[in-house]
Amino acid sequence: MDPQKWIDIKTESFQYSLDHFVIPDHYETALQSVLIPHGVIMDRVEKLAKLIVQESTGPLVVCCVLKGGHQFFADLVNYIKKNVTRGGKTVPLSLEFIKVKSYSGETSGEVKLSLTDEECKEFSGKNILIVEDIIDTGKTMVQLLAKLKQYNPESVKVASLLIKKTPLSNGYIPDYVGFAIPNAFVVGYALDYNEYFRDLDHICVISEHGKEKYAVKN
């Protein structure tokens, strides 16, 4: 996606006070600010769904990358179902859920999928839409795409709600992007910190106190 077509979130412009929003009591001291309010997220997801449907060439297999992508996936699929193509047709959907584990050896890094080889073979000849919560360095997604192409799908596109502006990025840009965000640790809208904050509607910047409070205890 052309960077001019996504929303560029700049830290100095989008640090909303927690006092302006409904925040669960158990997270009030664990957050620094609201980065993207829930209503803005939903409007942007609706727009992405419209773009996906307009550019669709046939049935889609929509693959949710668990766990962080599940809320974006659920809302995106709901909006896709409500849209029609330029020809006035709805897009047939099938759904898939995958977990991706990246690892590196002595050679180039690879990824391991939760799906079996036989299950992946069902992707052959189909249009795949990967739904991800956030692209950080881009390394895992590049490896995932290389893995999926081994099963000869008709096409593979990626929709990511967020892309992080980090110097560690390998330059990968998804086909559909909701927001480009600063190089900060964000939580909420199913993005977690050690399994916490998935129940937070807004996307927020976690505070140092929050990192300490919800750190993994040995």
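For Val91, what is the net charge nearby, where nearby means another residue's Cβ is under 12 Å from its Cβ and Lys, Arg count +1, Asp, Glu -1?
Once positives and negatives cancel, what remains is +4.
Hey, got a sec? Which GluC sites (Glu not before Pro) in the stretch 1-67 land in a DSSP loop and have at most 13 other Cβ atoms within 10 Å?
The qualifying sites are Glu12, Glu55.
Viscosity 1.306 mPa s, temperature 10 °C: Stokes-Einstein D of the stretch 1-52 from its Kirkwood Cα radius, in µm² per second?
Once the numbers are plugged in, D ends up at 123 µm²/s.
What residue among Thr140, Thr85, Thr116 has the largest mean-square fluctuation in a Gaussian network model of the chain, using Cα springs under 10 Å?
In the Gaussian network model the winner is Thr116.
Once amide H atoms are built 1.01 Å from N in the peptide plane, which residues 5 or more positions from Ile130, or in another chain, come under 5 Å H to H?
The list, which skips near neighbours in sequence, is Cys63, Lys157, Val158, Ala159.
Using the C-alpha gyration tensor of the chain, what are the square roots of 5 times its eigenvalues, in whole angstrom, with the largest one first?
29, 22, 16
Compute the whole-percent fraction of alpha carbon pairs in the stretch 24-97 spaced more than 19 Å apart.
Beyond 19 Å sits 45 percent of the P(r) for the stretch 24-97.
Sequence-distant or interchain residues sharing an amide H contact under 5 Å with Leu31, placed H: which?
Amide H to amide H, under 5 Å and 5 or more residues apart or across chains, Leu31 pairs with Ser207.
For the stretch 133-193, what value does the Rg/Rh ratio take when both radii are computed over Cα atoms and Rh is the Kirkwood radius, given to two decimals?
Ratio of gyration radius to Kirkwood radius for the stretch 133-193: 1.00.
Please report the net charge: other residues with Cβ closer than 13 Å to the Cβ of Lys157, K and R +1, D and E -1.
Cβ neighbours under 13 Å give a net charge of -2.
Can you say what percent of the DSSP beta bridges in the chain, counting only those with both residues inside, are antiparallel? Round to 5.
30 percent
Do the sum for the chain: with -39,500 (n - 2.57) for every DSSP H run of n ≥ 4, divided by all residues, what is the mean residue ellipticity at 222 nm, to the nearest 500 deg cm²/dmol?
-7000 deg cm²/dmol, from helical runs alone.
Read-outs throughout are calculated quantities, based only on the coordinates presented, and are distinct from any laboratory measurement. This one's a predicted model, so the numbers in the text were calculated from it and none came from an experiment. Neighbour counts are summed over all protein chains in view; Cβ atoms, including those assigned to glycine, are modelled from backbone coordinates with ideal geometry.
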